[in-house]
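One structure is given below, encoded as structure tokens.
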Amino acid sequence: MTGSIVRPYGDTTGDGMVQMSFTLPVPLDKRAEGAALQLAGKMGVDPAMVVHAKQMGAGHTFFVIYGRVNHLVDLSAVRVVERDFPLLAPKEINQLIRQRLRRRLVVVGACIGTDAHTVGIDAILNLKGVAGEKGLEYYREFAVVNLGAQVSVPELVERARAERADAVLVSQVVTQRDAHLLNVREMAAAVREAFPAHRRPLLVVGGPRFDERMAGELGVDRIFGRGTTPREVASYLVHALVTNRPAQRRAAA
Amino acid sequence: MSKLDLDPALVRRARRLARKAGKPVVDLARGHTTVSVERAVLRLAGVTGADPDGIPWVNHLVDAVVADVGLGHGVALPVFAAAAASGVDDLTLLAQKAAAGSVRFEVPTGRAATAARRAARRSVAAGIRRIDRRRAERDRLIRRHGDPKQRPWIYLIVATGDIYEDIGQAQAAAREGADVIAVIRSTGQSLLDYVPEGATREGFAGTYATQENFRLMRAALDEVSAEVGRYVRLTNYASGLCMPEIATLAGLERLDMMLNDSMYGILFRDINPIRTFVDQRFSRQIHARAGIIINTGEDNYLTTADAVEAAHTVTVSQLLNEYFAHEAGLADWQLGLGHAFEIDPDLPESFRLELAHALLARELFPRAPLKWMPPTRHMTGDVFRGNLLDGFFNLAGVLTGQGILLVGMMTEAVATPWLSDRDIALQNVRYVLNACGGLREDFVPAPGGFIQRRAATVLAEAVELLERIVEDGLLTAIAEGTFGIMKRPPDQGKGLDGVARHEPDYYNPATEILDAHRETP
């Protein structure tokens, strides 16, 4: 075996042992155990042992399986997609802003147009956050202004100027007649018009129906899609505005 | 009796300070109203339904009154005067006409005012009688099916977003031993300034709280209660901008517990403090009348601040919640004061600290069914370690006599719970209850030992903080970020435009009836 090929490790090198658990929607009997073994076999676990089976309610059974998996892992063939910015812990984020920016990073957020769905912007900005992660308000070094729903573009631009926003976050859920795309284009154009290029706030857009690759086309700096967490947004803001702030980005924008 | 040997003079002092801190806020609440309080009054008076866009008729009616005469007189008199003047007795129909702009509202005077007052009172009293009947019905069902055999009651969450999917999961959970089912709300509902209508099948990480969803789930749990031979309770959330209305709908549909915290909306949702305190008081009065157990939200402080450093803020909030609850007419058995197992497990003696904090809550509020919340902050993707931590959480709950135990999931940080996660979590609870359900009797912390000393420290810190709050005023304390880390000034936050100071002729038949009820011994 070359160094780049590995198998799972139970208690002996190369034994290939794995443990897994799953539920099948069948009551517990001999046939159910057979079904669990069949699934394990198809997953490459052979021989497999059902070490635990427990019926839950009338029609489901939970299984724990131990067995030897016959797949090999080729380390030299592993490809990792790198995020283009590092995911930071809240502590690191606060620290970087404090040390490098030496003031609070100002974020102005809103749902623009007629969109009243503040779910997205609130999940990212509100202290409460989403999926167990606190929102940007939780970070001491962010100064967050959440304008809420149905904010007009001029209102948003005005507020961004008054607050000296480093970043503007816009959330769009409603996509009827491509409203989300039109609104974002309008916002991006208005911001460009209102700010000299080197003072323009970073433009970040989020919503479940956006294609993350469309940032350039819409005239914004970044798009975040479904499932984005506050920490990802915070990490990105620090990356773009603090740690990796190329002088030319702002000049070129 | 006391296991902590708390200084009774200090405990009395803490309560006195909480009353002193809370009183000005109660006075403020009694002198203001909000759009949601007024909409709740209309719901009690029988206005139902929504327009084709889903905006409820109560919203249209209140908006129309506000446009004509403002909010400060209350809507009862203008609405009932308009009903009498236009001959439209059906208020929902009146709301539809108002939405179309064909009704004008004014504040009646003289005999018209007296008549409107009488009609409003009669109509709202009928709504409150419906709540009374639902409460009597609950008492009957509890007598028939029985209460859970053990304490703590086992509290489980469902959250699929689809009420019909929730029903199946809730019934399964009840069969597996859950005593209380909570239906988590859709993200963002707390910031909607209206209550959605009808049965809903999609939500964001939860299911919308609607009257129809309440009714469907309560009926499903009644069915399973008869089957399992114990009354299975239903919980939802009276929080956010529509707190008074959701409390009212909960009373009308016989929900049994409601999340209802005096400060949660302010701190975690940036809802205006005055709006929150006014809405709070009304919703608690409704809960008191409906026999609903409230669950307060102190666990949330510990998810944002350090659970050891901030332990005393939990105690302070519990004391404030107790004062606000009593003032609104809630009895001790209705106070599910919250607290949580959130100390960093890597901290030496973390479990002893948890026991000290949990026992402190138990001894400060001996008659309240405390709500004991599982670890979330220090749960990782390591489900094996998570299951162990949940076991210790369950043990602490049993040792310190907690009333309501929210079942912790070892997949807390991973995904919404799977069927098997819930089964394993319930197995964990059952093991602990079965192995040492009576251990509380033998658990007597050593006099002057670690647990007693820690509890005394937290209580002393709580009294100190209360003193500061009394000195500065509660609203100032909130504005300055005393709780959690959020600064929430009273002239900012969501929903402020829906608040009005009472005019001298303000009339609210619901508050009149509920205040009288409260003052009856």
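The values are calculated or read from the model by the stated rules, or taken from the named source; none is laboratory data. Remember, predicted model here, so these are calculated numbers, not experimental data. Cβ atoms come from the backbone with ideal geometry, glycine included; neighbour counts cover every protein chain shown.
Quick notes
- Against the numbered list (1) within 12 Å of the chain's Cα centre (by Cα); (2) modelled with pLDDT of 95 or more; (3) closer than 21 Å to B:Arg30 by Cβ, B:Met263 comes up short only at (2).
- Annotation note: Cβ proximity below 9 Å between a residue of segment B:288-300 that is in a helix (DSSP H, G or I) and a residue that is of a type in the set (Asp, Glu) (sequence gap 6+ or interchain) occurs for B:Arg289/B:Asp132; B:Ala290/B:Asp132; B:Asp299/B:Glu342; B:Asn300/B:Asp261.
- Considering residues of segment B:80-129 that are part of a loop (DSSP other than H, G, I, E, B) and closer than 12 Å to B:Gly46 by Cβ only, the residue modelled with the lowest pLDDT: B:Asp89
- Checking each residue in segment B:44-58 for being surrounded by fewer than 24 Cβ atoms within 10 Å (Cβ to Cβ) and touching a residue at least 12 places away in the same chain (Cβ under 8 Å) picks out B:Gly46, B:Thr48, B:Gly49, B:Ala50, B:Asp51, B:Gly54, B:Ile55.
- So A:Glu155, is it without any contact (Cβ under 8 Å) to a residue 60 or more places away in the chain, more than 12 Å from chain B (Cβ to nearest Cβ) and either touching a helix residue (DSSP H, G or I) at 6+ places or on another chain (Cβ under 9 Å) or part of a helix (DSSP H, G or I) (or both): yes
- Counting only residues that are touching a Leu at 6+ places or on another chain (Cβ under 8 Å) and of a type in the set (Val, Ile, Thr), segment A:98-157 holds 7 of them.
- With respect to the conditions (1) away from chain A (no Cβ under 14 Å); (2) β-branched (Val, Ile, Thr); (3) farther than 30 Å from B:Gln150 by Cα, B:Val398 lacks only one, and its number is (3).
- Qualifying residue in segment B:325-344 (condition: within 20 Å of B:Asp390 (Cα to Cα), among the aromatic types (Phe, Trp, Tyr), more than 14 Å from the chain's Cα centre (by Cα) and within 14 Å of chain A (Cβ to nearest Cβ)): no
- For segment A:134-152, the tally of residues that are more than 17 Å from A:Arg103 (Cα to Cα) and either modelled with pLDDT of 80 or more or more than 14 Å from every other protein chain (Cβ to nearest Cβ) (or both) stands at 6.
- Residue check, B:Leu426 farther than 22 Å from B:Glu309 by Cβ, in contact with a strand residue (DSSP E or B) (Cβ under 9 Å, 6 or more places away or on another chain) and assigned to a helix (DSSP H, G or I): yes
- Taking the criterion of being closer than 24 Å to B:Arg422 by Cβ and among the hydroxyl-bearing types (Ser, Thr, Tyr), the residues of segment A:1-55 that qualify are A:Ser21, A:Thr23.
- Residues of segment B:363-422 that are part of a helix (DSSP H, G or I) and more than 30 Å from B:Ser2 (Cα to Cα): B:Val383, B:Phe384, B:Arg385, B:Gly386, B:Asn387, B:Leu419, B:Ser420, B:Asp421, B:Arg422.
- As a summary of the residue check, B:Asp256 satisfies the conditions (1) in contact (Cβ under 8 Å) with a residue 24 or more places away in the chain; (2) within 12 Å of another protein chain (Cβ to nearest Cβ); (3) on the phi < 0 side of the Ramachandran plot except for the one numbered (2).
- On the stretch given as segment B:282-316, residues that are buried (at least 24 other Cβ atoms within 10 Å of the Cβ), touching a helix residue (DSSP H, G or I) at 6+ places or on another chain (Cβ under 7 Å) and away from every other protein chain (no Cβ under 14 Å) total 15.
- Qualifying residue in segment B:138-148 (condition: closer than 30 Å to B:Gly437 by Cβ and among the β-branched types (Val, Ile, Thr)): yes
- Leading residue by the ranking (surrounded by the fewest Cβ atoms within 10 Å (Cβ to Cβ)) among those in segment A:117-133 that are within 7 Å of another protein chain (Cβ to nearest Cβ) and in a helix (DSSP H, G or I): A:Val119
- Scope segment B:495-512; condition of a type in the set (Gly, Ala, Ser) and not in a loop (DSSP other than H, G, I, E, B); matching residues: B:Gly498, B:Ala500, B:Ala510
- Restricting segment B:301-354 to residues that are part of a loop (DSSP other than H, G, I, E, B) and of a type in the set (Val, Ile, Thr), the residue that is farthest from B:Phe277 (Cα to Cα): B:Ile343
- Residue within segment B:328-351 that is crowded, with 19+ Cβ neighbours inside 10 Å, at pLDDT 95 or above, on the phi > 0 side of the Ramachandran plot and not β-branched (Val, Ile, Thr) present: yes
- Condition check for B:Ser239: within 14 Å of chain A (Cβ to nearest Cβ), buried (at least 23 other Cβ atoms within 10 Å of the Cβ) and closer than 22 Å to B:Val35 by Cβ: yes
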